[in-house]
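**Q** Quick one: this structure, given as C-alpha cells, is what I'll be asking you about.
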Amino acid sequence: MSDCIFCKIAAGEIPSVKVYEDELILAFKDIEPQAPVHVVIIPKEHAAASLNEINDENIGVISHIFSKIPAIASKLGLEKGYRVVCNCGEDAGQTVRHIHFHILGGNTLGKMA
Ligand code: 5GP
Ligand code: ZN
C-alpha cells in the first residue's frame, strides 16, 4: 500500500524508534504517546486494514504479534502491567488503516473508556 504510513514505517521510508523487530512484525514508539510507555505493533505486510479484515488466512501474523507481546512488554519494563488496545473503525478513533495494536503502560492507567 503505497500511501499507507505504517507500510512506509515498516519499509524504513519513515523513521521510527524501534523497540522490537523480526521478519514478520515491527514494534515502535508512538509519535504521540498517550501513556509514559506507548508502543505500536504492526505486521510488516499490510495484512489487514483493521480487525474487521482478520480471517483464517491472515490470523497467523496476528497470533505472532500476541506471542511476542509478553517479551516486548518485559523489554519495556512493564512488569506492573500494561494495556493492549486495538482501535477498529471510526467510532473507536482508528486513524491508520493498517492493523496495529497499542501497548500502553508505565503508570496506573485510567478506566478504559
Ligand atoms: P489509531 O488511532 O489508528 O489506533 O493509532 C494510530 C497511531 O499511530 C496513533 O497513536 C498515532 O499517534 C500513531 N502515528 C501516526 N503516525 C505516526 C508516525 O509517523 N510515527 C509514529 N511513530 N506513530 C505514528
Ligand atoms: Zn500498510
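Let's see how each residue does on (1) over 13 Å from the mean Cα position of the chain (by Cα); (2) over 21 Å from Ile9 (Cα atoms):
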site	(1), (2)
Glu21	no, no
Ala27	no, no
His38	no, no
Asn58	yes, no
His102	no, no
Gly110	yes, yes
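**Q** Shifting gears a bit: Can you name the condition, by its number, that Lys80 falls short on among (1) within 15 Å of ligand 1 (Cβ to nearest atom); (2) open to solvent by 50 Å² or more (accessible area, probe 1.4 Å)?
**A** (1)
**Q** Now for a different question. Does Val96 qualify as being under 13 Å from the mean Cα position of the chain (by Cα), more than 16 Å from ligand 2 (Cβ to nearest atom) and farther than 16 Å from Glu21 by Cα?
**A** On the way: under 13 Å from the mean Cα position of the chain (by Cα): yes; more than 16 Å from ligand 2 (Cβ to nearest atom): no; farther than 16 Å from Glu21 by Cα: yes.
The answer is no for Val96.
**Q** In the list Ala71, Ala27, Ala11, which residue meets the criterion of being within 13 Å of ligand 2 (Cβ to nearest atom) and out of contact with any Cys (no Cβ under 9 Å at 6 or more places or on another chain)? Break it down into steps so the answer makes sense when it comes.
**A** Numbers: Ala71 fails: within 13 Å of ligand 2 (Cβ to nearest atom); Ala27 fails: within 13 Å of ligand 2 (Cβ to nearest atom).
One residue alone meets the criteria, Ala11.
**Q** Search the range 81-105 for residues that are hydroxyl-bearing (Ser, Thr, Tyr) and pair each with any residue that is open to solvent by 20 Å² or more (accessible area, probe 1.4 Å) and part of a loop (DSSP other than H, G, I, E, B) when their beta-carbon atoms are under 9 Å apart and the residues are at least 6 apart or on different chains.
**A** The qualifying pairs are Tyr82/Leu76; Tyr82/Gly106; Tyr82/Leu109; Thr95/Asn87.
**Q** Go through the range 41-58 and give me each residue that's touching a Leu at 6+ places or on another chain (Cβ under 9 Å) and either open to solvent by less than 30 Å² (accessible area, probe 1.4 Å) or within 9 Å of ligand 1 (Cβ to nearest atom) (or both).
**A** Ile41, Ile42, Pro43, listed by residue number.
**Q** Moving on. One residue is enough: does the range 12-30 have a residue meeting the conditions within 13 Å of ligand 1 (Cβ to nearest atom), under 16 Å from Val85 (Cα atoms) and surrounded by fewer than 19 Cβ atoms within 10 Å (Cβ to Cβ)?
**A** Within the range 12-30, one or more residues are within 13 Å of ligand 1 (Cβ to nearest atom), under 16 Å from Val85 (Cα atoms) and surrounded by fewer than 19 Cβ atoms within 10 Å (Cβ to Cβ).
The values are calculated or read from the model by the stated rules, or taken from the named source; none is laboratory data. None of the values given here were measured: they were computed from a predicted structure. Quick reminder, even Gly has a Cβ in these numbers, built from the backbone with ideal geometry, and neighbours come from all protein chains shown. The area values use the complete protein model at the heavy-atom level, side chains included, leaving out ligands, DNA and RNA. Shrake-Rupley method; radii C 1.70, N 1.55, O 1.52, S 1.80 Å.
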